[in-house]
Structure formats: structure tokens, C-alpha cells
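Structure first, then comments.
Laboratory data are not the source of any read-out in this text; all were calculated from the coordinates shown. What you are looking at is a predicted structure, and each value in this text was computed from that prediction instead of being measured. Positions of Cβ are generated from backbone atoms using ideal geometry, with glycine treated the same way; all protein chains shown enter the neighbour counts.
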Amino acid sequence: MIFKATALPGVFVLEPERHEDERGFFARTYDPDELRAQGLDPTVAQASVSFNHRRGTLRGLHYQAAPCEEAKLVRVTRGAVFDVVVDARSGSPTRGRHVAVTLSAEDGNQLYVPAGCAHGFQTLADATEVSYLISAPYSAAHARGFRFDDPTLAIPWPEPVTVISARDRALPAFRVE
């Protein structure tokens, strides 16, 4: 795996090192020792999948509050997404800033989202599937989020929003400390 730092500390794009031959390719998608060597949390407490019927579907921006904060390793297994991480870490010099990358099944890249950061995505294709490795069990009591269209965050979503849950539409604005 090739780790590429982003503008937010602790947020990485992981590119697969593909070994190709006439059969196709082989690539490692998870190695706790490599994550640990980069100073990242390699814990996997659960694995989840999100299937999205329509292009333009928006999920997020979600995170879990202390003491149930979670790191995520996100990968698209079908389709493509515009994936966003917002630094929500208290005291962080980049708090309130975001990074966005396109992830697709074709490129096989992954996004590492550290604990304390909010995560969301918008699908760029119909029938998009997103896979997550998550460092902590889900806790509904600690689930939090921010509005996707908060002008303070100014995230340039690439598509009109075609589908969004009532819960995500009702999330509060981001609060600057």
C-alpha cells in the first residue's frame, strides 16, 4: 500500500500496489503493521457496507463523539464517490477544514479517516457500494454530524443531491470553536 498524505493531518489516501499478470491483479487492502508504521489506528472493531441506488446520493457528514470516536478505512467496491473528510478535532489547527477525493472501484484507492473527523460522500454513479473498516463499535448515543451544505464548510459537492436521509438533512451546522 502506498500512503499519500492529504492537507489534513492524519488523513491519507491509500493506493494499492497492484501485482498484475494475465489473470488480472492482486493487491493488499489492509495491513495493520503498515497502518501502525504510519502512526494510524489499525483496530478493526466492525466492517460495514453502504449500497446506494442512485447517483447524487449524499451520506454524511458523520462522526462519533468521545469516548466512542472511530477511525475509518473507506473503499469503494462498486461505482464511485466524491469522499469528504472534515476536521472536527478540538484544538486542531485545521479544525473546520476539509479534504475531498474521488474514490472508485476502478482505482481501488482507500481513504483513512482518523478519529475526531467527520466523513461523508456523494455517489458519482448509480449502484455504488462503499465498504468500511471501523475502529470502534457503532454507538447511537454518540452519533453526531454536520450539515452537508453548511456555508462555513463550503464543500463543493459535484452533483445535485438526489437522495439524502431526513436525519442527514436535519444535522446541525458546524460549530467553530
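One decimal place: the segment Phe3-Arg97 gains 31.8 nm when fully extended, by the rule 0.36 nm per residue minus the C-alpha distance.
If only the Cβ of Lys and Arg carry +1 and only the Cβ of Asp and Glu carry -1, the dipole of the chain around its Cα centre is close to 660 debye. For the chain, averaging the sequence separation of C-alpha pairs within contact (under 8 Å, six or more residues apart) and dividing by the residue count gives a relative contact order of 30 percent.
For the pair Thr77 and Thr152, a Förster radius of 25 Å applied to the C-beta separation gives a FRET efficiency near 0.15, rounded to the nearest 0.05. Among the chymotrypsin sites (Phe, Trp or Tyr not before Pro) in the stretch 100-177, those placed in a DSSP loop whose Cβ has at most 14 other Cβ atoms within 10 Å are Tyr138. Using helices alone, what [θ] at 222 nm do you get for the chain, with -39,500 (n - 2.57) per DSSP H run of 4 or more residues, divided over all residues and rounded to the nearest 500? Calculated at 222 nm, the ellipticity per residue is -1000 deg cm²/dmol. Using only the C-alpha atoms, the convex hull of the chain corresponds to 118 Å³ per residue. Only beta bridges with both residues in the stretch 43-169 are counted; by DSSP, about 95 percent of them are antiparallel. When only alpha carbons are used to place a centre, the stretch 107-177 and the stretch 29-64 end up 11 Å from one another.
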